[in-house]
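In what follows, a structure is listed as structure tokens, so that the remarks can point back to it.
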Amino acid sequence: MPSMTTRKASWRAPSVLPGFGLTFGFTLAWLSLIVLIPLSMLFIKSAGMGWQSFVDVGFSDRALTAYRLSFGTALAAAFVNAVFGLLVAWVLVRYAFPGKRVISALVDLPFALPTAVAGIALTALYAPSGWVGQYLDPLGIKVAFTPIGITVALIFIGLPFVVRSVEPVLADLGKDVEEAAATLGANRAQTFARVIFPAILPALFTGFALAFARGVGEYGSVIFISGNMPGRTEIAPLLIVTQLEQYNYDGATAIAMVMMLVSFAVLFTLNAVQSIRRRRLGA
Amino acid sequence: MKRHNPGTESRTAQVLLIGLALAFLAFFLMLPLIAVFSEALKQGLGLFLSAVSNPDALSAIRLTLIIAAISVPLNMVFGVAASWAITKFSFPGKNLLLTLIDLPFSVSPVVSGLIFVLLFGAQGLLGPWLSAQGVKIIFAVPGIILATVFITFPFVARELIPLMMEQGKDDEEAALSLGANGWQTFWHVTLPNIRWGLLYGVLLCNARAMGEFGAVSVVSGHIRGETNTMPLHVEILYNEYDFVGAFAVASLLAALALVTLVLKTVLEWRFDLHSGARH
């Protein structure tokens with residue numbers, strides 16, 4: 001691959017359409033200015049602080065507890081979403097029922113509702129005196145201000161990722177393969193497990209990974225319901241904010257760097273899985 | 001008796017599955033939405049109205065509108081330019097470019113704010129130079145705009161790229177061969193082709209720009225009447241135990257979310273735009 005600095009005529013395919021230089025140049029310039037240069041600050045700052053001080057804050061006990069909480073609750077929420085997201089997608093694609101269009105639109109609510117609004121609403125519901133909390137409290141179940149509350153918030157945030165990833169694949173899945181399976185004597189459960197599920201698994205995994213990645217970094221909806229107790233319900237993004245408020249830029253950077261590397265690893269795995277899927281489909 | 005079709009579930013199973021899915025959605029999505037409006041109006045309409053017409057609330061609303069009015073058009077122009085370069089031409093490194101455009105989606109909102117503090121903050125790389133010039137970015141409106149533009153960066157491009165990829169470049173080539181110049185081709189051929197997709201992207205971009213919390217919270221400094229956006233104002237009121245005030249402002253944001261959902265559904269329905277997994 002020729003480097004980006006070679007003359008454009010030599011590295012891009014010829015086209016009669018104008019405007020490549022203008023739009024490509026603007027895209028690169030704006031991308032660099034808004035995304036690449038600011039993001040590179042994390043690497044510059046990390047490199048400047050030295051390995052030992054990076055490890056001291058980035059992997060301190062408090063930080064490790066926060067990562068464990070963030071990744072653990074995000075994983076739990078992504079699992080719940082994988083199960084119920086698949087169910088919702090299935091119901092929306094396969095069955096007819098009144099109000100389906102409204103329900104389908106409602107699934108995107110977490111994309112449209114500001115996270116802080118979701119956060120205070122969920123806290124109001126699950127606080128010991130709230131609509132839901134008042135029934136759980138006598139049973140000894142505490143949701144608000146515990147890791148369960150964080151998971152509830154992340155279920156809210158992550159649900160559309162799974163539904164919207166699985167839905168198109170489920171809709172494209174021809175009925176003929178299922179009918180063939182039924183003709184060959186498979187019952188409905190066998191058809192689902194052996195024919196349908198393998199076909200939608202990559203999409204389900206994509207949705208799961210997107211929900212997980214979003215959950216790890218989520219801040220607005222979580223900080224209200226979590227109670228923010230250090231060592232117990234302090235998520236990693238909150239720890240970054242705490243470090244910033246104490247003007248400990250190095251600490252904030254180290255934690256952000258660890259979180260971002262994990263997120264990139266997830267993104268990378270996601271792309272790898274998708275390219276395997278594309279290769280299998282022969283596209 | 002009608003035999004059960006082996007290619008689908010029995011009616012009982014269907015009803016059970018639909019019921020389970022609806023119960024899940026009612027519990028996790030509907031209930032929080034209802035709670036916002038109910039809490040906002042709990043003490044009566046009078047308190048609600050005085051909460052949203054309070055000077056601090058009004059200035060937060062104004063700032064949120066200004067932020068969206070600046071950052072959404074910036075990302076709209078970027079989205080159109082990037083989609084034109086990516087879908088109308090073939091060049092090496094295109095996949096890398098697409099990945100880089102998507103990058104802000106995989107960064108935590110808090111980290112998105114942090115990087116601008118590292119760049120422009122008082123102890124940041126350019127901080128001392130900027131303060132010598134008398135320019136304030138962090139804890140001021142420019143910082144909020146930068147963080148918002150970063151967070152909403154991929155929205156329009158992501159919507160337009162698949163759409164324009166599908167449309168190809170035959171229309172543009174025909175216009176050019178008939179003597180139109182580049183700009184005429186864009187305005188009279190491309191733009192009418194992509195306008196609904198563009199509107200869809202702008203709609204989602206706007207919802208996020210107005211509702212962003214984490215990134216904006218890091219760079220804003222929470223100065224009342226100056227750098228306080230609506231979501232930040234919700235947090236301040238909530239932390240002061242002014243729950244009616246917090247939910248009143250939150251209900252305006254929830255109403256915005258509902259309008260966004262309705263318009264989005266209308267666009268999908270009317271113009272056959274379908275959504276994939278979006279952030």
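Between A:Ile150, A:Ile37, A:Ile235, the residue with the greatest mean-square fluctuation in the GNM of chain A (Cα pairs under 10 Å linked by springs) is A:Ile37. Remark on the stretch A:34-123: ratio of C-alpha radius of gyration to 2.2 N^0.38 Å is 1.69. Only lysine pairs 8 or more places apart, or on different chains, with alpha-carbon atoms under 28 angstrom apart are counted in the stretch B:59-276, and they number 4. Classify chain B: rounded, prolate or oblate, from the alpha-carbon gyration tensor (a ≥ b ≥ c, eigenvalue square roots; a/c under 1.5 rounded; otherwise prolate if a/b is larger than b/c)? Oblate.
Rounded to two decimals, the Cα radius of gyration of the protein assembly as shown over 2.2 N^0.38 Å is 1.00. Computed over chain B with a Gaussian network model linking Cα atoms closer than 10 Å, the most mobile of B:Gly124, B:Gly221, B:Gly197 is B:Gly124. Taken over the stretch B:52-164, the alpha-carbon convex hull comes to 142 cubic angstrom per residue. Report summary: the helix-based calculation at 222 nm, which adds -39500 (n - 2.57) for every DSSP H run with n ≥ 4 and divides by the residues of chain B, gives -22500 deg cm²/dmol. Only helices enter this figure: runs of n ≥ 4 DSSP H residues, each worth -39500 (n - 2.57), summed and divided by the residues of chain A, yield -23500 deg cm²/dmol at 222 nm to the nearest 500.
Across B:Leu25, B:Leu198, B:Leu267, mean-square fluctuation computed from a Gaussian network of chain B (C-alpha pairs under 10 Å connected) peaks at B:Leu25.
When B:Arg158, B:Arg270, A:Arg12 are compared by accessible surface with a 1.4 Å probe, the order from highest to lowest is B:Arg270, B:Arg158, A:Arg12. A simple packing score, the average count of other Cβ atoms within 10 Å per residue, orders the peptides A:169-178, B:134-143 as B:134-143, A:169-178, with the highest score first. For the stretch A:113-118, 3J(HN,Hα) computed residue by residue from phi via the Karplus equation (6.51, -1.76, 1.60; θ = phi - 60°) reads 7, x, 4, 5, 5, 4 Hz, glycine and proline entered as x. Cα centroids of the stretch B:11-78 and the stretch A:128-193: 23 Å apart.
Taking a span of 27 Å or more along the helix axis (Cα atoms) and a mean Kyte-Doolittle hydropathy of at least 0.0 as the rule, the DSSP H helices of chain B that qualify are B:55-88, B:191-211, B:243-271. In the stretch A:66-209, Cα pairs under 8 Å separated by at least six residues give a relative contact order of 34 percent. Using only alpha carbons, the stretch B:117-248 has a radius of gyration to Kirkwood radius ratio (Rg to Rh) of 1.18. Extent along the principal axes, Cα only, for the stretch A:51-281: 66, 46, 30 Å, with the longest axis given first. Calculation over all alpha carbon pairs of the stretch A:115-204 in 10 angstrom steps from 0 returns a P(r) of 15, 29, 17, 21, 16, 2 percent. Mean per-residue shielding of peptide B:34-43 is 3, counting Cβ atoms of other chains within 10 Å of each Cβ.
Distance between Cα centroids, the stretch A:21-66 to the stretch B:225-262: provide it in whole Å. A separation of 31 Å, based on Cα centres.
The values are calculated or read from the model by the stated rules, or taken from the named source; none is laboratory data. What you see is a predicted model, and the numbers here were worked out from it, not measured in a lab. Don't worry about glycine lacking a Cβ; one is built from the backbone with ideal geometry, like all the others, and counts go over all protein chains shown. What goes into the accessible areas is simple: the full protein's heavy atoms, side chains included, and nothing from ligands, DNA or RNA. Shrake-Rupley method; radii C 1.70, N 1.55, O 1.52, S 1.80 Å.
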